[in-house]
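**Q** Could you have a look at this structure, given as structure tokens, before my questions?
The values are calculated or read from the model by the stated rules, or taken from the named source; none is laboratory data. Note that the structure is predicted; figures quoted are calculated from it, not measured. So basically every Cβ, Gly included, is an ideal-geometry build from the backbone, and we count neighbours across all protein chains shown. All accessible areas refer to the heavy atoms of the entire protein, side chains included, with ligands and DNA or RNA removed. Shrake-Rupley method; radii C 1.70, N 1.55, O 1.52, S 1.80 Å.
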Amino acid sequence: MIMKKSLAALALLALTPLSALANEGAERLTRMLAPVKTYVADFDQQILDGSGQRLQEASGRMWLSRPGRFRWEVDAPYEQIVVSDGDEVTLYDPDLQQATVQPLDDRVTHTPALLLSGSTAELTDSYEVSSSQQGTAETFTLHPKSADTLFEELKLTFYSERLGFLQMTDSTGQRTAIEFDGVEQNAPVEDSRFRVALPDGTDVIRESP
């Protein structure tokens with residue numbers, strides 16, 4: 001009986017158009033992200049090559065306020081700050097005493113961090129989305145429709161409907177895996193988090209659209 005039910009489920013899956021499955025995944029992910037106004041968490045990040053060999057690891061803290069505002073602080077092993085105020089993105093490297101500022105354009109919003117702070121409508125417009133579930137863990141796999149992106153695949157895993165894991169894969173097979181901990185969802189976040197006070201003497205590079 002169990003095998004018959006499994007075969008029936010596979011048959012129904014085979015008869016379901018892939019576009020319908022993708023739309024269902026996008027709609028489900030939109031529903032998961034829609035209630036998120038702010039998101040604060042510690043993170044551990046690993047960069048792995050195509051064979052799974054660890055190339056780099058880092059840790060820090062993230063603040064997000066939708067739409068468009070974001071702060072990503074890496075405090076170990078090398079300090080780095082990335083901030084979006086909704087109009088521009090600033091990447092500040094204290095060791096180099098250098099900051100790069102660029103407009104918040106379409107290419108920038110295709111990076112995973114800023115995708116999370118953007119509009120949920122971008123998911124259905126710009127990405128093919130599928131989903132799978134195992135216990136309380138639900139994973140969404142996103143493939144960009146445009147070739148002008150920094151990744152070929154993005155996986156978002158929610159545990160009991162809270163984002164806990166993100167993995168990005170680029171065209172070389174290199175993976176960036178980020179695990180979130182100590183999550184605070186919809187807690188107040190000060191506006192000052194989304195501004196960067198650059199020290200005197202910082203070399204500021206402004207990139208045009």
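**Q** Select from region 75-93 the residues that are surrounded by 14 or more Cβ atoms within 10 Å (Cβ to Cβ) and free of Cβ contacts under 8 Å to residues at least 24 places away in the same chain and list them in ascending order.
**A** Across region 75-93, the qualifying residues are 79, 80, 88, 91, 93.
**Q** OK, next. Do the conditions hold for residue 208, that is, is it over 21 Å from the mean Cα position of the chain (by Cα), modelled with pLDDT under 90 and surrounded by fewer than 18 Cβ atoms within 10 Å (Cβ to Cβ)?
**A** yes
**Q** Among the listed residues 94, 103, 188, identify the single one that is modelled with pLDDT of 85 or more, more than 20 Å from residue 66 (Cβ to Cβ) and out of contact with any helix residue (DSSP H, G or I) (no Cβ under 9 Å at 6 or more places or on another chain).
**A** So the residue among 94, 103, 188 that is modelled with pLDDT of 85 or more, more than 20 Å from residue 66 (Cβ to Cβ) and out of contact with any helix residue (DSSP H, G or I) (no Cβ under 9 Å at 6 or more places or on another chain) is 94.
**Q** A follow-up question, please. Select from region 59-84 the residues that are among the acidic types (Asp, Glu) and in contact with a strand residue (DSSP E or B) (Cβ under 6 Å, 6 or more places away or on another chain) and write down the one among them that is nearest to residue 116 (Cα to Cα).
**A** 73
**Q** Let me ask another. Does any residue of region 164-181 turn out to be at pLDDT 90 or above, within 14 Å of residue 32 (Cβ to Cβ) and open to solvent by 40 Å² or more (accessible area, probe 1.4 Å)?
**A** yes
**Q** Just checking, which of 28, 54, 66 is over 30 Å from residue 200 (Cβ atoms), open to solvent by 90 Å² or more (accessible area, probe 1.4 Å) and modelled with pLDDT of 60 or more?
**A** 54
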